[in-house]
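The values are calculated or read from the model by the stated rules, or taken from the named source; none is laboratory data. A quick note: this is a predicted structure, and the numbers were derived from the prediction, not measured. As a convention, Cβ positions derive from the backbone with ideal geometry for all residues, glycine included, and neighbour counts pool all protein chains shown.
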Amino acid sequence: MCATCEKRRLQIEEKEMFFWNRKPNLSPLGVALGDLLTVLAPTTIKGRIKGNALIADHEHYTVTIEVVPPSVKESENGPIKAVVKVTTELPESAREMFRGRESSMTAALNVFTALGALYKDGESVQIGSRLTIYEVEDAWEGLHLPLLASTTICGAEAILGAVRRTLSEDEPKGGVSLWTEKDMAHMESYFSRLCLCSSGGLGFTAEFGLKDGPGSAMLGDNKTALFQLLANQPHPELGGGLFCLLQLPQQIREKDRLQKICLQLNAMEMAAHDLPPHFGAWCPGRAGTNIAYAMFLPNSLYSASGIAVNTGFWAFNRAQWANAMLASLGV
């Protein structure tokens, strides 16, 4: 072998050794994925850092927590530091259920959401969540980390497990919520300065204005969205917790169109934009002809810093965004 070839071979080997010995970046774009890896360590989930993502291997599926730059860094809420996307590719047996009927199936199954939505990415249906993190925020340890950890651990299982229970006719899990009447009263005292709201027992209700002028969701007009927290409705797979429901007033009588719009909104929520945290799913509302955003917080998130109050602010901002998106879609 000539001296030049030998030198080139050694250079290649050196680069390969550098690549394999290089330590993974535990904080891509300033997001401490290493902390999440530490939280997952005591569980049966096998986690590893690969590039800007944490790969979490469950027994039958894999969850990817990827940190990506925002589409536009500057926003009305200040500079965006990074966007975290949590995605789960469905097992092959589950993917078969959706082929050719993505709209109807995702609309039907997203009612079982806890911390993620079934949405269509290209030709496949996945489960996804998204967290937009702003530079001015200081909520990683108290709120963002617990939220991402719970989503990684049980976000996909909430939907898949609930479906299994339904198909096998197993009894849904019960369980008492850690949220109490005191928590609902606290919500009322907080939001009464911002909107019309009330609390009673294990429930809280607020009305968010969508248009100028007086109006009431209770009266069925198109000027307000209805937001509810319910601590007496356990999730069929996760048990006790807090059910959060945002219902928009627009009526869509055509069932197929309603389902397709829900599918569109869930895909749009995954964009790396200036949007409230996406840890729920758009699905048909309780009227059967309206659109709703459902979210369920398991009891494990009760201690997360101010999470119930935050869901109220997220719902308010989401209602304004969705109202504009529906108008652009001709609704």
Practice task
Please report, ordered by residue number, the strands (runs of 3 or more DSSP E) entirely within segment 33-111 with at least 2 residues that are of a type in the set (A, V, I, L, M).
Solution key: 53-57, 62-68, 80-89
Exercise for the section: Kindly list the number of the only condition in (1) assigned by TED's automatic domain parsing to the domain that holds Val63; (2) at positive phi that fails for Gly161. Expected result: (2)
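Residue-wise test of (1) β-branched (Val, Ile, Thr); (2) in a strand (DSSP E or B); (3) surrounded by fewer than 20 Cβ atoms within 10 Å (Cβ to Cβ).
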| site | (1), (2), (3) |
| --- | --- |
| Thr289 | yes, no, yes |
| Ala294 | no, yes, no |
| Val309 | yes, no, yes |
| Gly312 | no, no, no |
| Ala319 | no, no, no |
| Ala327 | no, no, yes |
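Considering every residue within segment 76-92, establish whether at least one is under 17 Å from Leu275 (Cα atoms), free of Cβ contacts under 8 Å to residues at least 60 places away in the same chain, not small (Gly, Ala, Ser) and not assigned by TED's automatic domain parsing to the domain that holds Gln264. Explain how you work it out, then say what you get.
To start, the set of residues in segment 76-92 that are under 17 Å from Leu275 (Cα atoms) comprises 76-86.
Checking the rest, the ones that are also free of Cβ contacts under 8 Å to residues at least 60 places away in the same chain come to 78-79, 81-82.
Of the ones still in play, those that are also not small (Gly, Ala, Ser) are 79, 81.
Adding the requirement that they be not assigned by TED's automatic domain parsing to the domain that holds Gln264 leaves 79, 81.
The answer is yes; a qualifying residue exists.
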Problem - Tally of residues being surrounded by 15 or more Cβ atoms within 10 Å (Cβ to Cβ) and either at pLDDT below 95 or polar (S, T, N, Q) (or both) across segment 135-153 - result: 3
Practice task
Among the residues of segment 76-104, count how many are more than 19 Å from Leu147 (Cβ to Cβ), among the aliphatic types (A, V, I, L, M) and surrounded by 18 or more Cβ atoms within 10 Å (Cβ to Cβ).
Solution key: 2
Fill in the blank from the handout: Filtering segment 117-134 down to residues that are within 15 Å of Ala272 (Cα to Cα), surrounded by fewer than 18 Cβ atoms within 10 Å (Cβ to Cβ) and not aromatic (Phe, Trp, Tyr) yields Asp121
Handout entry: Sole exception among (1) within 16 Å of Trp314 (Cβ to Cβ); (2) in contact with a Lys or Arg (Cβ under 6 Å, 6 or more places away or on another chain); (3) part of a helix (DSSP H, G or I) for Ile133, by number
Key = (3)
